[in-house]
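Peer 1: Mind looking over this structure? Questions follow.
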Amino acid sequence: MRKIIITSFLTIFLSFFAFAQKEFTVSGKIFEEGTNIPLEWATVVVTNPSDGKIVNGGTANEKGIFKFNVNAGTYNFSFDFISFKKVTINNKTISEDFNFGTIYLKEDTTTLEEVELIAEKTTVEIKLDKKVYNIGKDLTTAGGTVSDALNNVPSVTVDVEGAISLRGNENVRILINGKPSAMAGFGDSNILSQLPAEAIERVEVITSPSARYDAEGTAGILNIILRQKETLGFNGSVTLTAGNPDNVGVSAALNFRREKYNLFSNFGWRYFDAPRTSFLDVNYFDTTNDDGTINEPQFRRIIENQEVERLNRNYNANIGMEYFLDDTSSITGSLFYNFGSDADVSLNESERLNNNVIVEETLRREKETEKDNSYQIALNYVKTFGDDRDHKLTVDFQYENDNEDGFTYLNEDYVFTSQTNPEAFQIEQEFTDEKQKEYLVQADYVLPLGEDSRFEAGYRGNFENSVTDYQLDQENLLTGALEINESISNIFDYTENVNAIYTQYGSKLGKFSFLLGLRLENTQLKGKIDSRLTEQELNENFGFPIDTDFDNNYLGLFPTVNLIYNLNTTESGDEESITLGYNRRINRPRGWFINPFPSRSSRTNIFQGNPNLNPAFSSTFDLGYLKRWEKLTLTTSVYYQHETDSFERVQENTGQQTTDGIDIIRTIPINLSTNKRTGAELGLMYNPEKWLRLNSSVNFYQFETEGEFNGVDYGAKNTSWFARFSSKVSLPLEIDWQTSAFYRGAVQDAQSDTDGIFSLDLAFSKEILNKNATLSFNVRDLLNSRKRKSTTTTDFFERYSEFQWRQRQINVSLTYRFNQKKKPQRSGGFDGGDDEFEG
């Protein structure tokens with residue numbers, strides 16, 4: 001036996017030595033069986049029979065011909081094309097130029113059915129620190145945006161203004177592929193309403209983030225993973241959209257992959273008109289001055305009706321390349337660019353009444369233009385060690401740059417007035433120039449310890465700076481000239497630097513898994529206000545102390561604990577598990593929450609930042625349960641959060657009046673002492689038949705705030721809930737019908753009562769062109785009921801308001817796919833190295 005082994009070894013060695021330096025050409029054709037149609041971009045992969053590693057490969061051209069070189073030796077050859085049965089030829093020895101002739105591939109109907117299932121079915125995975133929702137083919141968001149898609153994810157809500165909440169809490173951190181990104185809009189979510197929904201592969205709802213993640217976001221993290229196809233060859237899709245109100249767009253996703261590199265890209269252009277309406281009805285009360293006298297408002301009631309035409313044009317592109325340096329390392333580079341041009345025209349009709357009699361009526365015109373130019377450069381390096389792919393080092397670098405230029409023209413005229421010689425309104429012009437830069441440096445190291453344990457450590461540095469140059473020109477009523485208002489014009493320079501190191505350890509003990517982590521973060525918040533006013537004048541104008549040059553540092557420890565116990569797992573796919581999580585988080589105030597100079601969008605209602613804001617800190621406990629049967633998946637959890645120095649927006653009288661005697665009301669964010677939040681959520685996914693899929697979730701929560709500001713108690717306790725339901729029915733003739741409903745219950749805080757909101761979406765789609773294209777029709781907010789109605793009550797006024805950010809939208813979209821059969825098989829995608837320990 002030993003002699004045989006030695007002889008075989010010598011034979012293999014001598015054969016390899018004889019042919020090692022020789023290279024031969026391998027060629028042939030790949031056609032579809034039964035049609036003799038060449039399969040352009042079909043792939044040929046050459047692997048080593050001993051270890052399965054890829055040696056070489058190629059793709060077929062438009063005539064189905066492939067040709068490439070390999071060294072002499074014995075290999076396995078596989079011939080493949082999406083949704084076709086793979087043909088494999090094993091142990092083929094190449095010792096001279098060889099032509100395989102014509103290889104015929106047969107369409108795999110079984111694979112097609114499996115691909116369709118993966119592409120259309122939205123599934124949920126429960127992991128130690130997150131819930132992963134693999135986004136299926138959601139018809140109601142076809143031709144829509146990322147914000148539209150997020151609104152269909154359980155635990156997530158997107159309000160009428162586009163603000164994103166997690167479990168009813170707006171302080172949620174948005175990541176793209178595991179990192180902060182210009183695609184998420186430099187700290188806000190505006191740009192998510194411009195990116196096409198088709199770009200999303202999955203959404204990770206991270207309510208108990210591990211120590212690897214940034215501690216920002218007391219509600220948790222939403223990590224949006226974009227599609228990055230890994231199929232060999234060239235493939236892609238193009239989507240055309242048209243709708244009413246005006247909504248025209250085109251987006252494309254293109255991918256070209258070879259064995260050594262992968263080129264990926266997403267492009268989009270969109271033009272849309274999103275009319276917005278609002279209504280205000282304010283009743284003013286008599287108030288008592290400090291000296292005991294009664295202050296009577298000049299107008300007892302003011303009614304405002306506002307209509308805004310919003311014309312938006314947006315271009316975005318994301319291109320990148322992943323290059324495989326060797327079998328253990330790769331580097332990925334990408335460039336994201338976005339350009340937006342907005343033009344809004346607003347008409348605000350105002351009626352002022354005394355004793356229910358109109359004594360004055362005005363019309364305010366506002367024309368606003370804004371151009372936003374941003375780009376992001378990202379580099380990612382991954383190095384694995386040895387044969388264990390989990391033993392790796394990842395290094396990331398990102399640079400983001402954003403420039404926004406805004407111009408606003410405001411003018412108000414009397415339509416009617418009872419005054420004899422009323423003072424004219426001033427024409428105003430606003431100029432805003434905002435520049436933002438952000439750097440990200442990150443390194444993560446993962447070391448497996450045996451088969452069931454893992455150690456991680458890393459560093460992340462985020463360095464952001466924004467400079468806002470604001471100038472207000474006002475008309476001199478005597479000369480008619482526009483003059484700079486020196487007391488309002490200003491430059492605000494704001495910097496946020498965060499340095500963090502972390503370590504975590506995870507292990508699996510039978511059915512029990514745990515992940516323990518600790519993160520140390522230092523936050524530096526710096527701001528400098530350049531104004532013609534002195535600090536004393538600023539304090540007098542704004543009503544609270546202002547530091548015009550502040551530098552605050554906060555050092556914090558953020559522990560995380562995530563546990564999971566698998567009660568039962570069967571071969572049929574049934575699964576049952578319990579999870580428990582604890583984490584400490586931080587909420588850092590953004591620049592516009594800090595800037596003390598008030599907005600000018602309304603003469604009577606302004607928003608003003610508070611430079612005295614401190615970060616808020618929270619501790620959260622989360623207990624979850626998952627039960628999965630063959631056709632039914634049940635997820636449920638209960639949670640408790642305790643937040644200190646939480647942000648609250650309060651409304652108060654500034655003590656100032658407009659030229660025609662109207663009290664100016666400001667909204668200002670403050671630090672309240674505590675915010676306690678308790679809640680429970682339940683989710684069900686039920687697929688009783690292949691033609692019917694049902695999905696529903698409900699979230700019930702209670703919050704309690706305690707605190708006061710300027711002698712006013714803003715404590716409040718309230719209970720609210722939201723729920724969603726969707727159904728998808730496969731009809732004959734390959735037509736799909738989907739219905740989605742959402743309801744958010746009424747909510748109260750210290751000053752406002754907001755009514756519940758119900759919305760209904762409807763959609764149909766049909767596969768055409770031999771299943772290479774999908775034609776979709778959808779109506780979002782079918783009943784045109786997505787309006788926020790609220791009543792705000794203070795000591796000096798009561799205000800009823802109605803607000804509709806976007807009217808009912810009707811869209812038709814066509815998606816054409818090439819070198820894909822329906823949807824490509826779902827790839828793992830990349831998450832920026834933030835993959836969690838799964839036990």
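Peer 1: Label-point separation (nm) for Y323 and S727, each offset 7 Å from Cα along Cα-to-Cβ?
Peer 2: Result for the modelled spin labels: 5.4 nm.
Peer 1: In addition: Within 10 Å of each residue's Cβ, count the other Cβ atoms and sort S95, S374 from fewest upward.
Peer 2: Values: S95 13, S374 21.
Ranked by crowding around the Cβ, least crowded first: S95, S374.
Peer 1: Okay, moving on. Sort the stretch 236-818 into rounded, prolate or oblate with this rule: let a ≥ b ≥ c be the square roots of the eigenvalues of the Cα gyration tensor; rounded if a/c is under 1.5, and if a/c is not under 1.5, prolate when a/b is larger than b/c, oblate otherwise.
Peer 2: Since a/c reaches 1.5 and a/b is larger than b/c, the shape of the stretch 236-818 is classed as prolate.
Peer 1: How high is the FRET efficiency from N770 to Y686, r the C-beta distance, R0 41 Å, rounded to 0.05?
Peer 2: Numbers: r = 32 Å, r/R0 = 0.78.
Using R0 = 41 Å, I get an efficiency of 0.80.
Peer 1: At a Förster distance of 45 Å, what's the computed FRET efficiency of L509 paired with N71, Cβ-Cβ distance as r, to 0.05? Kindly include the intermediate steps, with their values, before the conclusion.
Peer 2: Values: r = 47 Å, r/R0 = 1.05.
Efficiency, from the Cβ-Cβ distance: 0.45.
Peer 1: Another question about this same structure. Take each of the peptides 329-340, 356-367, 203-214, average the number of other beta-carbon atoms within 10 Å over its residues, and list them starting from the highest.
Peer 2: Values: 329-340: 17.7, 356-367: 15.2, 203-214: 25.5.
Packing proxy ranking, top to bottom: 203-214, 329-340, 356-367.
Peer 1: Still on this model: With contacts defined as alpha carbon pairs under 8 Å and 6 or more residues apart, what's the relative contact order of the stretch 300-409 in percent?
Peer 2: 26 percent
Peer 1: Now for a different question. What percent does the relative contact order of the stretch 458-499 come to when contacts are Cα pairs within less than 8 Å and at least six residues apart?
Peer 2: Working: 58 pairs, mean separation 22.7, N = 42.
Rounded, it is 54 percent for the stretch 458-499.
Peer 1: Another one. Take D781, D530 and order them by how many other Cβ atoms sit within 10 Å, fewest up front. Don't skip to the answer; put the middle values down first.
Peer 2: Numbers: D781 21, D530 13.
Ordered by Cβ neighbours within 10 Å, fewest first: D530, D781.
Peer 1: Efficiency by 1/(1 + (r/R0)^6): what FRET value for E107 and V415, r their Cβ-Cβ distance, R0 = 60 Å, to the nearest 0.05? Kindly include the intermediate steps, with their values, before the conclusion.
Peer 2: Numbers: r = 70 Å, r/R0 = 1.17.
It comes to 0.30.
Peer 1: So, one more: Note down the nm distance, to one decimal, between modelled labels 7 Å out along Cα→Cβ at A163 and at V250.
Peer 2: According to this spin-label approximation, the distance is 3.8 nm.
Peer 1: Okay, next question. Order of I578, I94 from fewest to most other C-beta atoms within 10 Å?
Peer 2: Fewest to most other Cβ atoms nearby, the residues stand as I578, I94.
Each value in this text was obtained by applying a stated rule to the coordinates, not by laboratory testing. All of these numbers come straight from a predicted model, not from anything done at the bench. Note that each Cβ is placed from the backbone with ideal geometry, even for glycine, and that neighbours are counted across all protein chains shown.
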